[in-house]
1. How large a share of the accessible area of the chain, in percent, is made up of carbon and sulfur atoms when the probe is 1.4 Å and the other protein chains stay in place?
2. For region 77-127, take the alpha-carbon Rg, divide it by the Kirkwood Rh, and send me Rg/Rh.
3. Out of every Cα-Cα pair in region 20-105, what percent are more than 19 Å apart?
4. Rounded to the nearest 0.05, what FRET efficiency do PHE110 and ASP79 give with R0 = 35 Å and r taken as the Cβ-Cβ distance? Could you check?
5. How much area per residue is accessible in region 23-127 when the probe is 1.4 Å and only protein heavy atoms are counted (Å²)?
Amino acid sequence: MANRQALVIDDSRAMRLILGDLLNQLGYETHEAGDGQQAISLLEGDADIPSLALVDWNMPVMNGLDFIKAVRGQNCYTDMKLLVVTSEAEVGHMVEALTAGADEYLMKPFSSEALASKLEMLGLQHA
């Protein structure tokens with residue numbers, strides 16, 4: 001895949017740094033947002049749509065579910081893969097996120113191998 005850009009959306013600066021570092025190691029150029037609204041603003045201001053967004057569930061201003069619904073409501077983002085990365089373990093939340101348009105779900109804490117495996121499942125990474 002030519003587009004190796006990823007957007008990391010998480011209200012935890014530490015988690016954004018960890019995910020960004022892991023994605024950099026996998027060959028991605030990363031951009032960060034502290035909440036869904038900030039991520040929407042970044043997407044609207046950037047000509048290059050990332051191929052991947054890692055989305056936290058619980059965030060202030062705009063949570064992950066609302067971000068997923070907003071992005072999936074616009075045709076220009078249909079090719080962007082959405083991976084929910086969260087400590088939220090409720091099955092109902094997983095179903096809600098996937099129904100809203102998330103492509104995959106990754107539970108915190110996770111290993112770099114688990115992240116790479118999810119990206120491979122999404123067709124974004126080769127083993």
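1. On the way: 3130 of 6210 Å².
Looking at the chain in its full context, I get 50 percent from C and S.
2. Here Rg/Rh amounts to 0.97.
3. 34 percent
4. Calculated value: 0.90.
5. On the way: 5120 Å² over 105 residues.
Ligands and nucleic acids excluded, the figure is 49 Å² per residue.
The values are calculated or read from the model by the stated rules, or taken from the named source; none is laboratory data. In this text the structure is predicted, and so the values were computed from the model without any measurement. Neighbour counts are summed over all protein chains in view; Cβ atoms, including those assigned to glycine, are modelled from backbone coordinates with ideal geometry. All accessible areas refer to the heavy atoms of the entire protein, side chains included, with ligands and DNA or RNA removed. Shrake-Rupley method; radii C 1.70, N 1.55, O 1.52, S 1.80 Å.
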